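The values are calculated or read from the model by the stated rules, or taken from the named source; none is laboratory data. Quick caveat, the model's predicted, so the values are computed rather than measured. Here Cβ is always computed from backbone atoms with ideal geometry, including for glycine, and neighbour counts include all displayed protein chains. What goes into the accessible areas is simple: the full protein's heavy atoms, side chains included, and nothing from ligands, DNA or RNA. Shrake-Rupley method; radii C 1.70, N 1.55, O 1.52, S 1.80 Å.
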Amino acid sequence: MKINQYIDHTNLKADATFDQIKKLVDEAVENDFYSVCVNSSYVKFIRDYNKDIKIAAVVGFPLGAMTKDAKVFEAKEAIRDGASEIDMVINIGRLKSEDYFYVEDEIRAIKEAIGENILKVIIETCLLTEDEKIKACKLALNAGADFVKTSTGFSTGGATVAEIKLMREAVEGKIKVKASGGIHTREEALALIEAGADRIGASKSIDICKE
């Protein structure tokens, strides 16, 4: 297995500098990672620096609590600037309030805004009950998303094997699953892939691949 091609090499830190983002891109090229994953303000900078690298941009990150229109605008700008994948955070409070129409409508609006580009839906599993995780996955599936994703990596927990299995079952294999948050070793990454993860989001990507 070529684990490199599962990895979105990630730097979402608030204090990430231009030099650190360049380093992220250079590492992704050198190690043949699938893409880089960054905050949306860096997309144009990366595209100007490297015309070929795949870019995933996060939207509504990390809390997911801003308005739908704000997320749609951010997603459109990121695609315009050169991203081909969007990793959006759902409105977690709305989900927990059982405002399911809002959550599904927001996901659908972003997917419609970005067209054929890939939409990954971050459900922040560590804040959800098992039933809420299943419901979030079903809403993402119904709204036309391409992936469901475990975590931002900025909350109280990250990806687990049990959650990947649960999410894979919830989407019935019809869309893909991305594991992210707290993945530090090759062993952890391989266990998540074995459980059904189609993509791995990690900032420790080089360590994962060197083991």
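A few remarks follow.
- Residue-wise HN-Hα couplings along region 143-153, as the Karplus relation 6.51 cos²θ - 1.76 cosθ + 1.60 with θ = phi - 60° gives them from phi, are 7, x, 5, 9, 9, 10, 9, 5, 8, 7, x Hz; Gly and Pro carry x.
- Most mobile of ALA28, ALA70, ALA159 in a GNM of the chain (Cα contacts under 10 Å): ALA70
- Accessible surface, the chain, averaged per residue in Å² (probe 1.4 Å): 46
- When the alpha carbon gyration tensor of the chain is reduced to an equivalent ellipsoid, the three semi-axes, largest first, read 25, 21, 14 Å.
- Check: the chain dipole with +1 on Lys, Arg Cβ and -1 on Asp, Glu Cβ, in debye: 180
- Listed residues GLU116, GLU124, GLU188, most fluctuating in the chain (Gaussian network, C-alpha, under 10 Å): GLU116
- Amide H to amide H, with H built 1.01 Å from N, ALA202 comes under 5 Å of ASP8, THR10, counting only residues 5 or more places away or on other chains.
- Per DSSP, loop GluC sites (Glu not before Pro) in region 84-114 with at most 16 further Cβ within 10 Å: GLU98
- Taking GLY158, GLY93, GLY181 in turn, the Gaussian network model of the chain (Cα-Cα springs below 10 Å) assigns the largest fluctuation to GLY93.
- Rg and Dmax over the alpha-carbon atoms of region 26-148 stand at 14.6, 45 Å.
- For ILE90, distant residues with modelled amide H under 5 Å away: ILE122
- Cross-link partners of LYS2 among aspartates and glutamates, defined as those whose alpha carbon lies under 17 angstrom from its own and excluding same-chain residues fewer than eight positions apart: GLU27, GLU30, ASP32, GLU187, GLU188, GLU194, ASP198, ASP207, GLU211.
- Shown in residue order for region 83-95 are the 3J(HN,Hα) couplings computed by the Karplus curve 6.51 cos²θ - 1.76 cosθ + 1.60 at θ = phi - 60°: 6, 10, 9, 10, 10, 9, 9, 5, 7, 5, x, 5, 4 Hz (x for Gly and Pro).
- In order along region 118-129, phi translates into HN-Hα couplings of 7, 10, 10, 10, 7, 9, 6, 4, 5, 9, 10, 6 Hz, rounded to whole numbers, per the Karplus curve 6.51 cos²θ - 1.76 cosθ + 1.60 with θ = phi - 60° and x for Gly and Pro.
- Proximity of backbone amide H atoms, modeled 1.01 Å from N, is registered between LYS176 and PHE147, VAL148 at under 5 Å, excluding neighbours fewer than 5 places apart on the same chain.
- Taking trypsin sites (Lys or Arg not before Pro) across region 112-209, the ones in a DSSP loop with at most 10 further Cβ atoms lying within 10 angstrom of their Cβ are LYS174.
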